[in-house]
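Input: a single structure, listed below in structure tokens.
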Amino acid sequence: DAQQINFEGQQIIHHAGYERVTEKINYNTVLNFSQRANSRFSSVADLFPELQKTSMIDLDEKLITWAQNLSFRIAKNELSLHSQTQFNQFQYESEPSDWWFTQYGAISTVKKYRDITVNVGVGFSSFRLNQILPELRSSVQYEVDQTSRLQASYSMQGQSIFSQLWDRSPSLRAFTSQNLSLDYFLNTNKSYIQLGVFYHYFDKVPTLANTKVTYLDRLDLMLQGIDQEYNLSQNGSARLFGVQAQHEWLKIDRFQSILAGSIYNLEARSSSDAPFDLESSYDF
């Protein structure tokens, strides 16, 4: 109300998939297409007449994702190969841009001991077909008994930059995130429970680097996008950690209930020459 914001949005999602399961292989492929169009008007002229800030923003985005996964067994080991290709076309204020994202990897499941299962996967991701980042996924799972298990997981994944920022700052590059989690699973005939803790670290995140940006300017930037006149750097970092829980149970036949939630803390810091530091906590 204070900024007289009017927002209208539409989103369309299409999904198609195919799966083939035999004694030796398990193959599935998924194709997703989504399109969204947003229109937004805002003004702070009533609160700050000297600024006379008004903006009208139109967004149009199309996203196509094609993912494949192939699993098969060799001796006592289970191997899986996965790939994902993503094409994003983004139009902001009649300025079109598009970019590609591809991801390939392999995962091997090896049971070293009777109650311990080890998963190790390596791969790479490519952004706009000109930058390649390595990826690593691993987990150790311990079966406490027939109904419960513990799992520790680690992954290093590539992160893409928002597509609307590519053309405004071509020097921006993708970055990696480090992810750790420890989960406990309890699965009975009537219910399924998951309890866990997680920690994520993001490095070299894009941040605004113009020291002349005021608070109102930053607020306006966050609400409507990045303007050409503002510089972008890539030397921020962020830490996200918290706890999560999920409970699924059957009340009656063919009816399933799910209750899930998490509580987490986010700490983000820009470099010393950036305009501000951010330390925030969010609960969900």
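Values as computed for the structure displayed
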{"read-out": "Within segment 178-208, tally of residues that are outside any loop (DSSP other than H, G, I, E, B) and at pLDDT below 85", "value": "6"}
{"read-out": "Hits in segment 221-252 (condition: of a type in the set (Gly, Ala, Ser) and either surrounded by fewer than 16 Cβ atoms within 10 Å (Cβ to Cβ) or at pLDDT 85 or above (or both))", "value": "Gly242, Ala245"}
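The values are calculated or read from the model by the stated rules, or taken from the named source; none is laboratory data. From a predicted model like this one, the values you see are computed outputs, not experimental measurements. Every residue, glycine among them, receives a Cβ derived from its backbone with ideal geometry; neighbour counts consider all protein chains shown.
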